[in-house]
1. Under a point spin-label approximation (7 Å from Cα along Cα-to-Cβ), what is the A264-F250 distance to one decimal in nm?
2. Fully extended, how many nm does the chain gain between Q13 and M110 (0.36 nm per residue separation, minus their Cα-Cα distance)?
3. Based only on Cα atoms, what mean projected area does the convex hull of the range 99-185 have, in nm²?
4. Once the mean 1/r over all distinct Cα pairs of the chain is inverted, what Kirkwood radius in angstroms do you read off?
5. In a Gaussian network model over the chain where Cα atoms closer than 10 Å are linked, find which of L225, L107, L140 has the largest mean-square fluctuation.
6. How big is the charge dipole of the chain about its Cα centre, in debye rounded to the nearest 20, if each Lys and Arg gets +1 on its Cβ and each Asp and Glu gets -1 on its Cβ?
7. Compare L47, L148, L183 in a GNM of the chain, Cα atoms joined below 10 Å, and give the one with the largest fluctuation.
8. Roughly speaking, what % of Cα-Cα pairs in the range 1-41 are separated by over 15 Å, rounded to a whole number?
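Bear in mind these aren't lab numbers, they're just calculated from the coordinates by the rules spelled out. On a predicted model such as this, the values are computed, not experimentally measured, just so you know. Quick reminder, even Gly has a Cβ in these numbers, built from the backbone with ideal geometry, and neighbours come from all protein chains shown.
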Amino acid sequence: MNSYEAKQEARRQRYLDRADQARQEFEDTHERAHKMAEAIPFGQPILVGHHSEKRDRNYRGRIHDTFGRAFAALEKAEHYKDKAASVGHGGISSDDPDALQKLRAKLAEMENSQALMKAANQTIRRHKTDEARIAALVPLGFTEAQALDLIKPDYIGRVGYAPFTLSNHNANMRRVKERIAELEHAATRQHKEEQAEGYTYREDPEENRVMFIFDGKPAENVRQLLKSHGFKWSPTRGAWVRQITGNALFAARCVRQGLAELSA
């Protein structure tokens with residue numbers, strides 16, 4: 001497990017801990033609401049006009065609110081449980097130190113898949129009967145069930161992999177290649193830090209972040225300038241940051257120009 005994966009696991013565990021806390025809050029609050037409700041005899045109506053009416057209505061209202069807080073806690077528990085389950089399933093992050101290795105492996109897998117789809121289509125075109133097609137597809141690695149499904153005509157009578165499937169897959173490969181090229185270029189970047197009036201500008205390849213670090217809390221117009229160019233406040237870094245990309249570096253130049261104009 002590398003450092004990024006360790007952070008992801010720690011993040012997942014934090015969500016699970018929050019889910020457990022919320023679940024315990026639900027159980028405690030739900031039990032308290034039940035005990036409150038037990039004080040009212042089953043079927044006991046509010047005695048309208050009786051001196052106890054107002055007190056009874058208020059008490060029943062508190063029971064209702066307590067049940068409401070209990071089920072709100074249950075929803076929170078489910079929310080954090082879902083968040084924990086989603087950690088690590090958002091694709092390959094550029095923050096992962098093994099991102100290049102993983103992307104290259106993914107690209108190789110995609111290229112193999114693309115080659116297999118093309119070979120399957122060629123095989124289907126070459127053979128004219130379903131029996132011959134299935135017999136030729138199985139040695140390529142398809143099961144008989146997969147081969148049978150592949151030669152089944154679609155809604156317009158096409159068999160095999162549709163052209164849009166191949167073109168979409170090719171576009172996805174192109175995006176992965178672009179990410180690999182971007183990360184390879186990022187690996188050659190040097191740490192950069194420059195002092196300016198009221199802030200420090202930093203490009204940190206190790207953190208994979210471009211940062212603006214201010215001497216104090218920046219003014220509202222400065223914060224709006226940063227936000228409008230995609231920078232977010234990072235309490236852990238004490239800086240306004242964006243992940244280093246070509247777009248982020250261009251945005252940083254725009255911010256620096258804007259800061260210069262504001263201080264002029």
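1. Going by the 7 Å Cα→Cβ label model, 2.2 nm.
2. Between Q13 and M110, full extension yields 31.7 nm more.
3. Seen from a random direction, the Cα hull of the range 99-185 projects 6.3 nm² on average.
4. About 25.1 Å, per the Kirkwood formula over Cα pairs.
5. Of L225, L107, L140, the Gaussian network model singles out L140 as fluctuating most.
6. 540 debye
7. Checking each option, the largest mean-square fluctuation is seen for L47.
8. Within the range 1-41, distances greater than 15 Å cover 60 percent of Cα pairs.
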